[in-house]
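Novice: Here it is, the structure, as structure tokens.
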Amino acid sequence: MSDQRAARRPPSGAGAAGGAVLALALLAGCTPAAPSDTGFPDVQKMLDQRAQAVRKRDAAGFLASVDPQATGYRDQQKRVLGNLAAVPLADWHYDLLSTGAFPLPNAGTGERLAAKVRLSYRLKGYDTAPVSAVQYLTLKERDGRWRISSDTDGEAAGKTGTRQLWDQGPVRLVRGRHSLVLGGAGEAARLHDLADRVDVAVPAVSAAWKGPWSRKVIVEAPDTVGRMAQLLGGGEPSGYAGIAAVTTGEAGASAKAPADRVIVNPDAYEELNDMGRKVVLTHETTHVATRTVTTAATPLWLSEGLADWVAYRGTKRKAAVAAPELSRAVATGAPPVRLPTDEDFGFTSGADRLAKAYEGGWLACRMIADKWGEAKLIAFYREAGRTGAPAGSAGAPMEAQRAAATGAPATGGPAAANGKGQPARADRMDRAMRTQLGVGLAEFTRQWRAYVKGQLR
């Protein structure tokens, strides 16, 4: 699968941190690969029995898949099944993808396997297709049966997999009118607050984004930044410092897709004031609503700008207040000369450049709504997503968006060709603008520059 991420810095006055960042992570092309032919049907049979035990809440059947001599892991697995008690599961199953997935430590005797396993599950009432996560498991053969003895042996080789909330500790659920919030057992007040705020955000997004969407949002609220990193598949927790929230979902998918998850950073979110929290959750809810029409062709200035436009819509927030970095640039005679590129949204781009990128995207969408109307803004967003490669294609724009989050070198930019024989991304954007707005990219950029200076003087 390809991973798109972008970072954002809320406006000044959002909270004590003043520079908390929120992010979008769109998982494009997440259709699970078919299980490999590993030559170990007995392992798959054990995994099938383990999954059935989870679905039936059968503790004895679940623990039958665990090596009885791995006492520490066995105790941990008992807790995991207990942590799942409140989670409304519609489905749960495992697929053995490969063996030899990581080097095994030299310990004990007997045959062992280093297995890469895909967990797929659905939450009842929310997921219309499975959510998938990778696990790296050590399997031990005893008495002619394969059992799991560890899920940490791959860590030394960087094979950490994804640890779900129930792997981290007890799970509490709070159900709102439009929301399902999952978090730690001791976080009742915080979870209720998140549910209340999402319940306000959903109708606000629906008022701006016309068209069908689920109008349901799943929020995951881990207790620590480290646990947030685990939910996102690992990585150093410091890499998420200042990120208030991350939205994950399948880009460009039909309605039959896993529900999006908004994953909240407890530290950065806590530092936001009331306005900052409203902006964050409305912004992220917008990404949930627009996911099915957001594709590899959608530039970050448009996807992030629209999410901010919806978040600020109706707040009567002055442009100079919401765009302080661009305001300073205009005041010092250095206004922007081009629309933000995907690379401008990178964590490693620097705080000022990142803030200007978000502010510039927001003002571009605000200008479209002001000059052409809100309906045209929505139509243009849909057109921009249609003009590119099919959802899930691994084109250069995806690489640029992935680099925005990871700091990895981008292999392409906004004007890079998105696959052999396809027109450049800028050409597609130009056509989308001419179709919906009646102006080309060059003229739109000229008008945007004038609009920025006029709004921020």
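Novice: Look through the stretch 150-167, keep the residues that are of a type outside the set (D, E, K, R) and touching a Leu at 6+ places or on another chain (Cβ under 8 Å), and return whichever of them is most open to solvent (accessible area, probe 1.4 Å).
Specialist: It comes out as 162.
Novice: With the requirement that a residue be out of contact with any Phe, Trp or Tyr (no Cβ under 8 Å at 6 or more places or on another chain) and touching a residue at least 60 places away in the same chain (Cβ under 8 Å), what does the stretch 343-358 give you?
Specialist: 343, 346, 347, 351, 355
Novice: For residues in the stretch 132-151 being polar (S, T, N, Q) and at pLDDT 95 or above, which is nearest to residue 113 (Cα to Cα)?
Specialist: Selected residue: 138.
Novice: Take the residues in the stretch 350-397 that are in contact with an Asp or Glu (Cβ under 7 Å, 6 or more places away or on another chain) and open to solvent by 30 Å² or more (accessible area, probe 1.4 Å), then tell me which one is modelled with the lowest pLDDT.
Specialist: Restricting to residues being in contact with an Asp or Glu (Cβ under 7 Å, 6 or more places away or on another chain) and open to solvent by 30 Å² or more (accessible area, probe 1.4 Å), the top hit is 352.
Novice: Looking at (1) out of contact with any Phe, Trp or Tyr (no Cβ under 8 Å at 6 or more places or on another chain); (2) farther than 16 Å from residue 367 by Cα; (3) modelled with pLDDT under 95, which is the one condition that is false for residue 330?
Specialist: Of the numbered conditions (1) out of contact with any Phe, Trp or Tyr (no Cβ under 8 Å at 6 or more places or on another chain); (2) farther than 16 Å from residue 367 by Cα; (3) modelled with pLDDT under 95, the odd one out for residue 330 is (3).
Novice: Working carefully through the options 277, 227, find the one that is closer than 26 Å to residue 456 by Cβ, open to solvent by 10 Å² or more (accessible area, probe 1.4 Å) and assigned to a helix (DSSP H, G or I).
Specialist: Every option except 277 fails the conditions.
Novice: Can I ask one more? Please enumerate the residues belonging to the stretch 99-131 that are at pLDDT below 90 and either on the phi > 0 side of the Ramachandran plot or among the aromatic types (Phe, Trp, Tyr) (or both).
Specialist: 108, 110
Novice: While we're on this one: For residues that are under 21 Å from the mean Cα position of the chain (by Cα) and under 30 Å from residue 374 (Cα atoms), tally how many sit in the stretch 177-195.
Specialist: Qualifying residue count, the stretch 177-195: 5.
Novice: If a residue must be in contact (Cβ under 8 Å) with a residue 12 or more places away in the chain and over 17 Å from residue 81 (Cβ atoms), how many such residues does the stretch 134-148 contain?
Specialist: Here the count works out to 9.
Novice: Shifting gears a bit: Counting just the residues of the stretch 183-203 that are buried (at least 17 other Cβ atoms within 10 Å of the Cβ) and touching a Pro at 6+ places or on another chain (Cβ under 9 Å), which one comes out nearest to residue 218 (Cα to Cα)?
Specialist: Out of the qualifying residues, it is 183.
The values are calculated or read from the model by the stated rules, or taken from the named source; none is laboratory data. If you're wondering where the values come from, they're calculated on a predicted model, not measured in any experiment. Every residue, glycine as well, gets a Cβ built from its backbone with ideal geometry; the counts of neighbours run over all protein chains shown. Protein only, heavy atoms only, side chains kept; ligands, DNA and RNA dropped before computing areas. Shrake-Rupley method; radii C 1.70, N 1.55, O 1.52, S 1.80 Å.
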